[in-house]
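The values are calculated or read from the model by the stated rules, or taken from the named source; none is laboratory data. In this text the structure is predicted, and so the values were computed from the model without any measurement. Backbone-built Cβ (ideal geometry, glycine too); neighbour counts: all protein chains shown.
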Amino acid sequence: MTMKITSLRVAATAGLLGGLLGLALVSAQPARAAEQENPPRANWTFAGPFGQFDRAQLQRGFQVYKEVCSACHSVSQLSFRNLAQPGGPQFPADQAAQIAIDWQQKVREIGDDGQPAERTPRLSDRIPGPFANVKAAEAAHGGKAPPDLSLMAKARSYERGFPWFLIDIFPPAYQEHGVDYVRAFLLGYEDGHEVPPGTHYNKYFPGNAVAMPNILQDGQVTYSDGSPATRAQYASDVTAFLMWAAEPHMEQRKRIGFQVLLFVLVLSILLYFTKKKVWAKVEH
């Protein structure tokens, strides 16, 4: 009799726990639906072992950065002369020099008299950021300085899950996690979601609440080459530009890598036939 009562109690406890677990799972459904989504995979001209940057896209991306992003974000690792170098946007040298002269922010330095001074940027200067220092950036944005974008395309990533993380380790490895995320982030803003005050909902951002507002709008930037003036086009172009900023020697790296692999292949063939020749008359 005692064993039967104990069994009934165990069964009741198990049923109660099962019901509570079921309620917890049901209540967790909306929260899980609001979690960060994985960015869609985009097509990039620089993807793969033989991919190259689209010069026109890099020039458009620089235009988007200059007219939109540079109001808050810097690209402190880039100099104006980089805009004219091979492998990048490849602006003519005189155009890159004019871009430096027309730049909205001045170069801050110590003058000959030992006092702080400002001057018009030159081709050899780093591209000036919008703020004099980090403290000024924090003061202008509620205590949080906007991040520098020089390495953003390589610094961001996301988990693709099984089985993709296994496939990604084999050549040609999928290395566009960062650019896919940045592009998706720029297009991931949605209205109609509850977020803390001073933040904005972005379905691709961890936690979904981000302080940066939706800065890209259709028709915001006018392209001289007739490309569509849409948010999607802006996001793709500026993301490609940030990929080049993060890895300006990518094309050279790929070219040298291919040459090394070709050299190793030829060397291996020569070594094989040399071995056959040397050991041909030796009995084994």
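For region 125-136, give me the residue count where each residue is part of a loop (DSSP other than H, G, I, E, B) and within 22 Å of the chain's Cα centre (by Cα).
Residues that pass the stated criteria total 4.
When you scan region 211-231, do you find a residue that is out of contact with any Lys or Arg (no Cβ under 9 Å at 6 or more places or on another chain), of a type in the set (Gly, Ala, Ser) and buried (at least 16 other Cβ atoms within 10 Å of the Cβ), even just one?
no
Restricting attention to region 144-154, report how many residues are in a helix (DSSP H, G or I) and out of contact with any Gly (no Cβ under 7 Å at 6 or more places or on another chain).
Qualifying residue count for the region: 1.
When you look at Gly257, is it within 28 Å of Arg160 (Cβ to Cβ) and assigned to a helix (DSSP H, G or I), yes or no?
Yes; evaluated as a whole, the condition is true for this residue.
To keep it simple, each residue is scored yes or no on (1) free of Cβ contacts under 8 Å to residues at least 12 places away in the same chain; (2) of a type outside the set (Gly, Ala, Ser); (3) closer than 28 Å to Glu37 by Cβ; (4) in contact with a strand residue (DSSP E or B) (Cβ under 7 Å, 6 or more places away or on another chain).
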site	(1), (2), (3), (4)
Gly111	yes, no, no, yes
Gln115	yes, yes, no, no
Leu123	no, yes, no, no
Phe162	yes, yes, yes, no
His177	no, yes, yes, no
Pro196	no, yes, yes, yes
Lys203	no, yes, yes, no
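Could you list, in sequence order, the residues of region 64-95 that are surrounded by 20 or more Cβ atoms within 10 Å (Cβ to Cβ) and assigned to a helix (DSSP H, G or I)?
Val64, Tyr65, Cys69, Ser70, Phe80, Asn82, Leu83
Please determine whether any residue of region 131-152 is surrounded by fewer than 17 Cβ atoms within 10 Å (Cβ to Cβ), over 24 Å from Ser76 (Cβ atoms) and out of contact with any strand residue (DSSP E or B) (no Cβ under 6 Å at 6 or more places or on another chain).
No, every residue in region 131-152 fails to be surrounded by fewer than 17 Cβ atoms within 10 Å (Cβ to Cβ), over 24 Å from Ser76 (Cβ atoms) and out of contact with any strand residue (DSSP E or B) (no Cβ under 6 Å at 6 or more places or on another chain).
Would you please list the contacts, defined by Cβ atoms under 7 Å and residues six or more apart or on different chains, that run from a residue in region 219-239 that is without any contact (Cβ under 8 Å) to a residue 40 or more places away in the chain to a residue that is β-branched (Val, Ile, Thr) and surrounded by fewer than 14 Cβ atoms within 10 Å (Cβ to Cβ)?
Here the result reads Ala229/Thr222, each pair linking region 219-239 to a residue that is β-branched (Val, Ile, Thr) and surrounded by fewer than 14 Cβ atoms within 10 Å (Cβ to Cβ).
If Pro228 satisfies every condition in (1) modelled with pLDDT of 90 or more; (2) more than 23 Å from Trp244 (Cα to Cα); (3) not hydroxyl-bearing (Ser, Thr, Tyr) but one, which is the exception?
Among (1) modelled with pLDDT of 90 or more; (2) more than 23 Å from Trp244 (Cα to Cα); (3) not hydroxyl-bearing (Ser, Thr, Tyr), Pro228 violates only (2).
Looking only at region 196-214, filter to residues that are in a loop (DSSP other than H, G, I, E, B) and over 22 Å from Arg41 (Cα atoms); which one of those is nearest to the chain's Cα centre (by Cα)?
Of region 196-214, the ones in a loop (DSSP other than H, G, I, E, B) are 196-199, 203-208, 211-214.
Filter once more, keeping what is over 22 Å from Arg41 (Cα atoms): 196-199, 211-213.
Numbers: Pro196: 25, Pro197: 27, Gly198: 24, Thr199: 21, Ala211: 18, Met212: 16, Pro213: 18 Å.
So the residue we want is Met212.
Going by the structure shown, is Phe62 more than 17 Å from Met152 (Cβ to Cβ) and at pLDDT 95 or above?
In short, no.
For region 156-175, check the following and say yes or no: at least one residue is closer than 16 Å to Phe53 by Cα and surrounded by 16 or more Cβ atoms within 10 Å (Cβ to Cβ).
The answer is yes; a qualifying residue exists.
Inspect all residues belonging to region 120-129 and state whether any of them is more than 30 Å from Lys254 (Cα to Cα) and surrounded by fewer than 18 Cβ atoms within 10 Å (Cβ to Cβ).
yes
Check off (1) over 22 Å from Ile215 (Cβ atoms); (2) part of a helix (DSSP H, G or I) for Arg122 and give me the number that stays unchecked.
Unmet condition: (2).
Here are Arg156, Arg183: which of them is within 23 Å of Ser76 (Cα to Cα), of a type outside the set (A, V, I, L, M, F, W, C) and modelled with pLDDT of 95 or more?
Arg183
Please indicate, with yes or no, whether at least one residue in region 259-275 is exposed (fewer than 10 other Cβ atoms within 10 Å of the Cβ) and of a type in the set (D, E, K, R).
no
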